[in-house]
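Taking it in order: structure first as structure tokens, then the write-up.
The values are calculated or read from the model by the stated rules, or taken from the named source; none is laboratory data. For clarity, every value in this text was computed on a predicted model and none was experimentally measured. Here the Cβ positions follow ideal geometry from the backbone for every residue, glycine too, while neighbour counts run over all protein chains shown. Quick note on the areas: whole protein, heavy atoms, side chains included, nothing else; ligands and nucleic acids left out. Shrake-Rupley method; radii C 1.70, N 1.55, O 1.52, S 1.80 Å.
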Amino acid sequence: METIHAQGAEIPALGLGTWQLTGQACRETVSTALELGYRHVDTAQAYGNERQVGAGIEDADVDRDDIFLVTKLDVRNRTAERVRRSARESLEKLGTDYLDLLLIHQPNIPFLASLDETLDAMNDLVDEGVVRHIGVSNFPTGMLGRARETSVAPILTDQVQYHPYWDQRKLLTYCQIHDVLLTAYSPLARGGVLDDPVLVTVGNRYGKSPAQVALRWLVQQEGVVTVPKASSRAHLEENLAVFDFELTDEEMARIRNPDRVKTGLHFLRSQLPF
Ligand code: NAP
């Protein structure tokens, strides 16, 4: 597994997303992924699966210290007291005594808690050694800048939607200048990229699937890591096999330039509640 270095941290470039994985299936998927070589696992308080993720880690024959484990603060847990309490609950559910990365899942609802209060409480957790790194998610560039100015501990990453149908050039440029990682979520556009003609054509040149080309396109960009979700062993294996080929500059540019109709359709589909 290739790793990326940023701000003193070493992070596996590709991790396992666990949104919508629940129960025994979640436990088995996490354990299988770790056995296949995944070393980066992404969960969230809001996913309701931290206990199953922890059980999957416990089942796998992999040292906790070799895993980069990420969770995210639910939108209701942003006051100092709730940051502290919910982080402790996450640790208990995950069966660990530290988190590699704790993220603010999405911008705060201002009347519930200020960004400063949340970040101060997260910094306290870093000082206490129960959280190694902190970061944000779904923060636009300006808000990421404010978080960086406010926090004493560095903001390691902004986890945002990023795939060939979702442009993030402005945010990525900012991240690259300031040594902040961009973690790409929904890297397969929740399955939307799988029949993309450009990805199919490029993939045929390398004997790779459209999913593999989409993931390669992400991890080949400076400062980008990604967390595809997969539940079958075949998909888990396939998604890991993206470090043995390299896209040309021309292919990178072609993939970055998606069909506007597809971008629009993906956006509309992502707004649907099913
Ligand atoms: P995604 O990773 O873009 O797509 C997942 C879908 O693609 C699943 O249906 C999966 O099917 C399928 N798939 C995976 N690998 C495949 C392959 N090789 N070939 C064909 N199909 C494949 O979508 P996502 O779950 O939205 O995003 C990934 C992760 O990002 C989440 O799980 C979560 O950890 C994170 N996320 C974060 C936020 C946030 O607000 N911070 C929001 C959304 C997501 P199977 O399950 O059947 O394998």
Query raised in the report: Gln212 passes all but one of (1) surrounded by 23 or more Cβ atoms within 10 Å (Cβ to Cβ); (2) within 13 Å of the ligand (Cβ to nearest atom); (3) not acidic (Asp, Glu); which number fails?
Result: (1)
**Report entry** Matching residues, segment 46-72, being touching a helix residue (DSSP H, G or I) at 6+ places or on another chain (Cβ under 8 Å) and more than 22 Å from Pro12 (Cβ to Cβ)
**Finding:** Arg51
Query raised in the report: Hey, does segment 34-44 have a residue that's within 14 Å of the ligand (Cβ to nearest atom) and among the polar types (S, T, N, Q)?
Result: yes
Query raised in the report: Hey, any hits in segment 126-135 for a residue that's open to solvent by 10 Å² or more (accessible area, probe 1.4 Å), outside any loop (DSSP other than H, G, I, E, B) and either in contact (Cβ under 8 Å) with a residue 40 or more places away in the chain or under 15 Å from Gly223 (Cβ atoms) (or both)?
Result: yes
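Quick grid of which residues meet (1) basic (Lys, Arg); (2) part of a helix (DSSP H, G or I); (3) in contact with a Cys (Cβ under 7 Å, 6 or more places away or on another chain):
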site: Tyr38; (1), (2), (3): no, no, no
site: Asp61; (1), (2), (3): no, no, no
site: Lys72; (1), (2), (3): yes, no, no
site: Arg76; (1), (2), (3): yes, no, no
site: Asn108; (1), (2), (3): no, no, no
site: Leu112; (1), (2), (3): no, no, no
site: Met143; (1), (2), (3): no, yes, no
Report summary line: Inside segment 193-209, the number of residues satisfying the requirement of being open to solvent by less than 30 Å² (accessible area, probe 1.4 Å) and among the hydrophobic types (A, V, I, L, M, F, W, C) is 3
Report summary line: Looking across segment 67-85 at residues that are over 21 Å from Phe139 (Cα atoms) and of a type outside the set (A, V, I, L, M), the single one that is least open to solvent (accessible area, probe 1.4 Å) is Phe68
Query - Verdict on Phe139 being more than 13 Å from the ligand (Cβ to nearest atom) and aromatic (Phe, Trp, Tyr) - result: no
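Identify the residue in segment 177-198 that is away from the ligand (no atom under 11 Å from the Cβ) and in a helix (DSSP H, G or I) and, among all such residues, is farthest from Glu10 (Cα to Cα).
The residue in question is Pro197.
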Query - Of all residues in segment 221-265 being out of contact with any Cys (no Cβ under 9 Å at 6 or more places or on another chain), polar (S, T, N, Q) and open to solvent by 50 Å² or more (accessible area, probe 1.4 Å), the one that is nearest to the ligand (Cβ to nearest atom) - result: Asn257
Report summary line: Flagged in segment 173-189 as more than 12 Å from Val225 (Cβ to Cβ), crowded, with 18+ Cβ neighbours inside 10 Å and at pLDDT 95 or above, in numbering order, are Tyr174, Ser186, Leu188
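Are any residues in segment 8-40 farther than 19 Å from Arg190 by Cβ and either without any contact (Cβ under 8 Å) to a residue 40 or more places away in the chain or open to solvent by 60 Å² or more (accessible area, probe 1.4 Å) (or both), and if so, which ones?
Gly8, Glu10, Gly23, Gln24, Arg27, Glu28, Val30, Ser31, Leu34, Glu35, Arg39, listed by residue number.
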